[in-house]
Amino acid sequence: MFLTKLKRWTIKGVALVQGISIRRKAMATFSIGFFTLTVILVEYMYMATRDSAVQRLEYMVQMTTTNAYNEITAAFERVDRKEITTEKALDEIRNRIAGPLSEIVLRTRSGGDNEAQFRKMIGLLDAKALNGIDLRSGRQKEGTPLEFFTGEGKGRRIIAVVEEEGEAIRFRVKDAELVRKLYAGYYDLSPERKNLFRDVFQIRIIRDLSGSSIKIGTDGYVYALRMYTPGWLIPGTKYPDDYTRESIMHRYDTHFAGTSLKGEALERYTEKYGRNGEANLKLITADVTEEHKPPRGLIADVHPYQEDQDLDNSEYDGIRVVRNIILRKEGHYRYAWKNPGEEKQRYKVVYMKTFEHPSLPATWVVACGAYEDDALAQVERLRVNIYIIAGAVSLIMAATVIVFLRMNIMDPLESLHEAITEVNAGKLDTHIRRSFNDEIGYIAKSFNKMLRNIRRSNLKLQEYAANLEQRVSERTQELENTLATVQDLKTRQDGDYYLTSLLLKPLGANHTESETVDIDFLIKQKKQFVFRKWEGEIGGDLCIARSIRLKERDYTVFMNADAMGKSIQGAGGALVIGSVFGSILERTVSAFVFKDYYPERWLKNTFMELRKIFESFNGAMGASIVIGLVEDATGMVYYINAEHPFGVLYRKGKASFIETETRLKRLGVDDPDDVLAIQTMQMRAGDMLFFGSDGKDDIRFDAADSLAMNEDETLFLRTVEKCKGDLDAIYEEVNGMGELTDDLSLLRITYRPPVDQESRHRIVSLLDSARKAQEADDTQGMLDSYLSVLQIEPTHRKALSELINYHLKREEYDMVLKYGESYIEANPANLEILYLLAYAYRKKRQYSRAIDLGERVYLREPGQLKNLLNLAYCHSRAGNMARAEYFIEKVFALDPQNQSAQRLVELLSKPQ
């Protein structure tokens with residue numbers, strides 16, 4: 001296989017070269033030869049010059065480090081003379097070496113009020129930093145970052161710039177005065193609070209390197225790190241010079257026997273560093289390679305971009321660069337590094353010196369580094385210029401060769417070209433006279449031979465014309481065969497449609513067993529086909545219904561979907577939805593763990609699983625969908641609508657939409673702004689609920705005018721009322737209005753609970769007695785009446801609600817839990833009762849149950865403040881700190897000044 005491809009490529013390459021003119025071949029040959037020689041000479045000179053440039057760079061780095069070391073020494077000498085404080089000396093050193101303060105960057109999670117988050121972080125460093133500043137926010141123009149500023153026009157002063165970074169948000173504080181205040185506030189924090197602030201908000205102190213008096217070029221700068229000494233480093237030795245294999249073995253095997261250490265001192269020494277060179281080598285190797293962290297971190301006390309940051313984890317290609325700098329302490333060090341945004345690594349040269357002073361928390365390693373490619377830039381430019389000159393010379397030499405070839409070869413070839421032109425004009429009796437015996441003469445001979453062959457071919461062509469009629473008949477037969485092949489392909493396509501329709505049919509099943517909830521389907525696909533003796537239809541609309549049990553209660557599941565695309569493409573999407581949704585239903589029916597879900601959680605998990613499946617198609621497949629559950633006993637409906645047409649409620653002869661806005665994007669569309677919320681509604685006896693695809697509205701009133709499309713959203717409401725909810729009548733009415741231009745599917749839910757009239761009258765009488773007792777302040781009479789109602793109907797809403805409120809006011813939470821559980825078992829739509837029940841469980845310190853109920857409220861109404869606060873408290877008491885912080889952030893996003901949330905934050909910050 002490979003040899004065949006190689007042969008094919010070789011033939012193509014030869015053909016390509018043969019098609020190039022002689023002039024271009026000559027120019028290319030001489031240019032390539034001359035340029036190759038130039039490359040060899042230039043690269044030789046470049047390597048020699050490069051080594052010299054690197055040596056100069058090492059010298060400059062060493063001198064810059066020495067100058068910085070002298071500056072630091074001078075500053076601390078002033079400290080020793082008590083002219084300035086240590087803090088003042090550090091400030092002077094940082095300003096001169098790393099440059100003046102430029103900005104401070106703070107980072108936190110995105111979401112909520114940006115200004116409130118900004119004020120909160122600033123207040124942690126300096127509570128009065130923003131006093132007197134009329135802080136405003138806005139963008140200079142569309143597409144630019146959000147800015148916090150004060151003043152207008154020419155007096156506008158930028159305070160900070162807000163940048164989005166994935167799920168986080170970054171505040172770049174630009175105002176010089178505010179930067180100084182925050183800098184001072186940060187260093188006034190205790191070490192513990194400073195470490196906490198640095199970890200939570202990822203503070204970065206940025207200095208203006210251009211204002212530094214000690215630097216190299218644009219990228220080279222000086223920094224000072226706190227030195228770290230590992231436990232295995234023997235006093236009097238230097239890493240890494242004294243820790244090569246040879247030096248370790250030599251030190252122990254030659255000099256250790258003569259040590260002055262004796263007795264216990266010798267035993268401690270050998271226990272720490274090993275009894276021989278081999279043991280010490282193993283000890284060092286293990287310690288260097290393992291992931292250990294210095295006790296205080298490798299803090300950068302002086303740095304233009306990483307001040308007060310722990311740089312111990314700074315590594316590239318598995319090498320801890322900063323740790324190696326610390327362990328070497330002095331001398332040159334060269335390492336590879338690649339900054340964010342750069343395509344390839346660059347080599348950096350560093351020179352280090354150590355500095356000690358009693359006022360410093362640890363010995364400093366003062367270092368200066370610069371990239372080799374900055375030093376080599378001039379050498380690189382010289383190399384490029386030489387290449388340009390060499391290219392120009394190559395072209396000149398090639399042109400000279402072309403002139404020579406023109407005079408000796410090209411002119412004779414031109415004569416040959418003229419003869420060829422005459423032949424192309426039809427003069428086949430042309431003959432080239434050979435006036436030379438070289439290569440061109442050989443071409444002339446071949447040309448004459450070619451003309452003879454052409455004349456013979458003309459004779460054969462005349463014979464072919466005499467047999468033309470027979471050949472036409474043969475071509476006609478071939479065309480008929482081709483048409484038969486096309487018809488066969490059409491039959492195969494219809495076979496594919498038929499097979500797909502057979503796969504879809506069992507997926508759109510109605511397996512409901514409820515005595516109170518009826519589900520009916522009507523599906524009319526746009527694409528009709530005939531395969532052999534069978535007729536069928538295919539499209540992307542799909543309906544599914546089935547009975548399941550969740551939390552020991554019966555529910556009816558329904559689903560109506562409209563997959564993107566026509567005929568086979570839409571059917572493919574419907575197959576995916578039907579297969580996945582059917583698998584979820586089978587899993588729910590057979591596995592106990594899924595039966596223990598609340599209806600809200602089951603709907604959320606189902607929708608998220610479908611969404612992930614469609615996102616994997618990268619936009620090639622999509623679908624609008626509505627998924628829901630109807631509780632058989634109560635008629636409570638839970639559903640999720642993902643860009644599907646609004647549902648229609650038909651009640652007492654009137655039809656109306658149950659939704660007013662689209663909340664979720666369709667399956668296959670990844671929108672980070674989507675907020676998943678479960679929608680609910682309560683069905684009454686005799687209610688009908690309709691869901692359908694957009695085919696019910698896509699009606700063309702006049703088939704001859706493609707623009708006469710239905711634009712009336714309420715047309716379907718009037719149709720449902722006219723047909724009194726009958727599915728077949730609705731279809732006939734819609735179909736009679738005009739041409740349906742898309743697939744049509746309708747799903748109808750009817751609720752028919754049993755009714756006991758005698759019990760109804762008895763309950764009405766007891767409720768009236770309870771009202772009269774309440775008006776007369778007869779509390780016991782009121783309670784007895786409500787309890788009597790519950791004996792007839794244990795889940796009566798009014799009675800349970802009044803008893804819950806009565807015991808809640810008296811803080812009798814056991815009774816609240818008793819009646820509250822009965823209420824939500826029969827009437828789960830009431831979010832207020834759900835919240836009160838969660839609150840009562842919190843008061844009884846049953847945090848797990850309180851969390852379950854609160855999460856159900858959150859799925860249906862994410863913005864309810866009191867529920868968010870209750871969830872945050874319960875999660876904190878249950879040990880779920882991350883979830884507690886998540887809900888606190890939700891509260892501050894809705895109400896930045898919420899006092900309850902602030903007290904909760906203070907409670908969480910205290911040690912448990």
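The values are calculated or read from the model by the stated rules, or taken from the named source; none is laboratory data. This one's a predicted model, so the numbers in the text were calculated from it and none came from an experiment. Because the Cβ atoms are built from the backbone with ideal geometry, glycine has one as well, and the counts that use them run over all protein chains shown. Just so you know, the surface numbers come from the protein's heavy atoms only, side chains and all, with ligands and any DNA or RNA stripped out. Shrake-Rupley method; radii C 1.70, N 1.55, O 1.52, S 1.80 Å.
Within region 742-750, identify whether any single residue is under 20 Å from Ile544 (Cβ atoms), buried (at least 18 other Cβ atoms within 10 Å of the Cβ) and small (Gly, Ala, Ser), and answer yes or no.
Yes; the residues of region 742-750 include at least one that is under 20 Å from Ile544 (Cβ atoms), buried (at least 18 other Cβ atoms within 10 Å of the Cβ) and small (Gly, Ala, Ser).
Restricting attention to region 394-422, which residues are at pLDDT 75 or above and in contact with a helix residue (DSSP H, G or I) (Cβ under 8 Å, 6 or more places away or on another chain)?
Ile420
When the residues of region 345-379 are narrowed to those that are part of a helix (DSSP H, G or I) and either exposed (fewer than 13 other Cβ atoms within 10 Å of the Cβ) or under 40 Å from the mean Cα position of the chain (by Cα) (or both), which ends up modelled with the highest pLDDT?
Step by step, filter region 345-379, then rank; the result is Glu372.
Identify, please: which residue in region 84-127 is part of a helix (DSSP H, G or I) and of a type in the set (Gly, Ala, Ser) and is, among those, farthest from Ser210 (Cα to Cα)?
Selected residue: Ala116.
Considering only residues that are of a type in the set (A, V, I, L, M, F, W, C) and within 26 Å of Pro862 (Cα to Cα), which ones fall in region 665-703?
Those that are of a type in the set (A, V, I, L, M, F, W, C) and within 26 Å of Pro862 (Cα to Cα): Leu667, Val669, Val675, Leu676, Ala677, Ile678, Met681, Met683, Leu689, Phe691.
Consider Pro862 against the criteria (1) buried (at least 21 other Cβ atoms within 10 Å of the Cβ); (2) of a type outside the set (Ser, Thr, Tyr); (3) under 27 Å from the mean Cα position of the chain (by Cα): it satisfies all of them except one. Which criterion is unmet?
(1)
What residue, among those in region 714-725 that are open to solvent by 30 Å² or more (accessible area, probe 1.4 Å) and not in a helix (DSSP H, G or I), is farthest from Glu661 (Cα to Cα)?
Going through the qualifying residues, I end up with Lys724.
Looking only at region 683-703, which residues are in a loop (DSSP other than H, G, I, E, B) and either more than 16 Å from Met564 (Cα to Cα) or in contact with a Cys (Cβ under 9 Å, 6 or more places away or on another chain) (or both)?
Met683, Arg684, Ala685, Gly686, Asp687, Asp697, Phe701, Asp702, Ala703
If you check every pair at least six apart or on different chains, which have Cβ atoms under 9 Å apart with a residue in region 642-663 that is assigned to a strand (DSSP E or B) and surrounded by 18 or more Cβ atoms within 10 Å (Cβ to Cβ) first and a residue that is at pLDDT 90 or above and aromatic (Phe, Trp, Tyr) second?
Within 9 Å, the pairs are Ala642/Phe607; Val648/Phe657; Val648/Phe690; Val648/Phe691; Leu649/Phe657; Leu649/Phe690; Tyr650/Phe690; Ala655/Phe690.
Could you list, ordered by first residue, the pairs with Cβ atoms under 7 Å in which the first is in region 83-99 and surrounded by fewer than 16 Cβ atoms within 10 Å (Cβ to Cβ) and the second is of a type in the set (Lys, Arg) and in a loop (DSSP other than H, G, I, E, B), at least 6 apart or interchain?
Final answer for the pair search is none.
Conditions (1) surrounded by fewer than 11 Cβ atoms within 10 Å (Cβ to Cβ); (2) of a type in the set (Val, Ile, Thr); (3) modelled with pLDDT of 85 or more, marked per residue:
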site	(1), (2), (3)
Asp671	yes, no, no
Ala677	no, no, no
Thr680	no, yes, yes
Ser693	no, no, yes
Asp712	yes, no, no
Leu727	no, no, yes
Glu739	no, no, no
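Checking Arg107 against (1) surrounded by 19 or more Cβ atoms within 10 Å (Cβ to Cβ); (2) of a type outside the set (A, V, I, L, M, F, W, C); (3) in the same structural domain as Gly185 (by the TED database): exactly one of these is not met. Which one?
Arg107 satisfies all of (1) surrounded by 19 or more Cβ atoms within 10 Å (Cβ to Cβ); (2) of a type outside the set (A, V, I, L, M, F, W, C); (3) in the same structural domain as Gly185 (by the TED database) except (1).
Taking region 165-176 as the region of interest, how many residues are assigned to a strand (DSSP E or B) and modelled with pLDDT of 85 or more?
Residues that pass the stated criteria total 6.
From the residues in region 129-185 that are more than 15 Å from Val105 (Cα to Cα), among the β-branched types (Val, Ile, Thr) and surrounded by 13 or more Cβ atoms within 10 Å (Cβ to Cβ), which one is nearest to the chain's Cα centre (by Cα)?
Within region 129-185, the match that is nearest to the chain's Cα centre (by Cα) is Thr150.
What number of residues in region 630-641 are open to solvent by 30 Å² or more (accessible area, probe 1.4 Å) and part of a strand (DSSP E or B)?
Matching residues across region 630-641 total 0.
Output the residues belonging to region 573-615 that are closer than 24 Å to Leu744 by Cα, small (Gly, Ala, Ser) and surrounded by fewer than 19 Cβ atoms within 10 Å (Cβ to Cβ).
Ser579, Gly582
So, in region 822-859, of the ones that are assigned to a helix (DSSP H, G or I) and open to solvent by 50 Å² or more (accessible area, probe 1.4 Å), which residue ends up nearest to Leu787 (Cα to Cα)? Steps first, please.
The first filter runs over region 822-859 and keeps only residues assigned to a helix (DSSP H, G or I), leaving 822-826, 831-843, 847-859.
Checking the rest, the ones that are also open to solvent by 50 Å² or more (accessible area, probe 1.4 Å) come to 825, 832, 839, 842-843, 848-849, 852.
Numbers: Glu825: 18, Glu832: 22, Tyr839: 23, Arg842: 26, Lys843: 25, Ser848: 30, Arg849: 26, Asp852: 28 Å.
Here the residue is Glu825.
Limited to region 562-572, what total is found for residues that are surrounded by 19 or more Cβ atoms within 10 Å (Cβ to Cβ) and either modelled with pLDDT of 85 or more or on the phi > 0 side of the Ramachandran plot (or both)?
Count: 4.
Name every residue in region 735-761 that is over 17 Å from Ala826 (Cα atoms), of a type in the set (Ser, Thr, Tyr) and in a strand (DSSP E or B), in order of residue number.
If the condition is that a residue be over 17 Å from Ala826 (Cα atoms), of a type in the set (Ser, Thr, Tyr) and in a strand (DSSP E or B), then Ser745, Thr750 are the ones that fit.
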